[in-house]
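Shown next, in structure tokens, is the structure this report addresses.
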Amino acid sequence: MERSRDRLVIGADELEAVARCPHALNFLDRIGHARACPACDAVAAAGRYLLKQVARDLRRPPTVGAVRREYRKARRSRRLDAAEEAREAAVVAALFDWSREVAERVNLVDVLAETHLGAWTVRGRIDAVLHGAGNDFSVVKFCCGRDHGEEVMNYEVLAARLWLREEYEVDADSLLLVAPAGAAVRVQCFEQPIPASFLRASLIHILSGVGPGSPSDPDWPSELPPVYGEHCWSCNACFQQGARE
């Protein structure tokens with residue numbers, strides 16, 4: 001959470017933690033570290049790069065080397081062992097094939113969605129938006145294929161869909177989860193026809209119970225609370241340990 005021009009700004013990917021526990025706002029860095037998945041970040045970076053290139057219909061197609069650089073940069077690792085090298089090559093090849101299949105449907109790639117809710121601003125990155133038949137649009141979310149990327153109720157995507165409706169007046173009811181699966185790409189489609197008014201009301205409700213505070217406030221906790229509250233037994237978002245890699 002940050003302040004920008006007297007507004008409170010929160011990342012859309014942080015909404016789930018805040019929705020589960022209002023106290024989580026003070027521990028978003030810790031929660032983000034626990035939830036981070038470099039593999040998902042790498043797949044998303046490579047996928048977004050490829051879709052940008054094919055959407056531009058460039059005479060010079062993207063090269064494998066360029067896509068791999070995007071992949072490794074997001075994975076925060078320049079040196080990979082033999083198994084990781086093979087996995088990387090398979091991921092890049094699969095994304096290449098899939099990006100060619102959807103080239104004509106690419107509408108938006110790597111866009112920053114920003115929705116204003118009272119004193120709050122919710123920001124999130126949309127991996128891509130594909131145009132389907134008629135006036136149908138789908139939000140694309142890249143993931144590594146592990147279970148943590150297959151949550152249908154994804155707050156980041158819900159915030160993105162609200163922005164698309166209010167900014168472009170399109171109903172992006174479909175969520176496409178794109179994940180490498182061996183030498184191919186597995187695409188899962190989830191239909192979630194939620195009215196924009198419901199989406200906005202839900203986000204406002206999530207943020208209404210949050211007291212953001214400030215590190216300069218005497219009551220702002222700099223460490224984990226020593227005593228578990230009642231909500232913690234069913235939440236524990238603040239206390240996650242380790243990476244989800």
Discussion item. Just to check I understand the Karplus step: with θ = phi - 60° and J = 6.51 cos²θ - 1.76 cosθ + 1.60, what whole-Hz values come out for segment 189-199, glycine and proline as x?
Written reply: 10, 10, 9, 9, x, 10, x, 4, 4, 5, 4
Practice prompt. For segment 1-49, with all protein chains present and a 1.4 Å probe, just round the carbon and sulfur fraction of the accessible area to a whole percent.
Written response: 40 percent
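Nearest 20 debye, what's the magnitude of the dipole of segment 146-209 about its Cα centre given +1 on Lys and Arg Cβ and -1 on Asp and Glu Cβ? Write down the numbers at each step before the final one.
Numbers: 5 positive and 10 negative charges, 24 e Å.
So the dipole magnitude of segment 146-209 works out to roughly 120 debye.
Using 0.36 nm per residue of separation minus the Cα-Cα distance, give me the extension gain between Glu114 and His33 in nm, one decimal. Intermediate results must be reported in sequence, preceding the final value.
On the way: separation 81, 0.36 × 81 = 29.16 nm, distance 2.31 nm.
Separation in residues times 0.36 nm, less the Cα-Cα distance, equals 26.9 nm.
Just for segment 1-127, what percent of DSSP beta bridges are antiparallel, to the closest 5?
70 percent
Mind checking the dipole of segment 9-145: about its Cα centre, +1 per Lys or Arg Cβ, -1 per Asp or Glu Cβ, Debye to the nearest 20? Could you put the intermediate results ahead of the total?
Working: 22 positive and 18 negative charges, 104 e Å.
Once rounded to the nearest 20, the dipole reads 500 debye.
For segment 1-148, report the accessible area per residue in Å² (1.4 Å probe, heavy atoms, rounded to an integer).
Result: 53 Å² of accessible area for each residue.
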Worksheet item: If contacts are Cα pairs under 8 angstrom and at least 6 residues apart, what is the relative contact order of segment 100-176 in percent?
Response: 29 percent
Worksheet item: For segment 97-151 and segment 8-68, what is the separation of their Cα centres, given in Å?
Response: 11 Å
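Normalising by the residue count of segment 1-93, find the relative contact order in percent from Cα pairs under 8 Å and 6+ residues apart. Display every interim value, and only then the final one.
Numbers: 55 pairs, mean separation 20.3, N = 93.
Computed over segment 1-93, the figure is 22 percent.
The values are calculated or read from the model by the stated rules, or taken from the named source; none is laboratory data. Here the structure is a predicted model, which is why all the values come from computation and not from measurement. For neighbour counting, all protein chains shown are included, and Cβ atoms are generated from backbone atoms with ideal geometry for every residue, glycine included. SASA here: full protein model, heavy atoms, side chains in, ligands and nucleic acids out. Shrake-Rupley method; radii C 1.70, N 1.55, O 1.52, S 1.80 Å.
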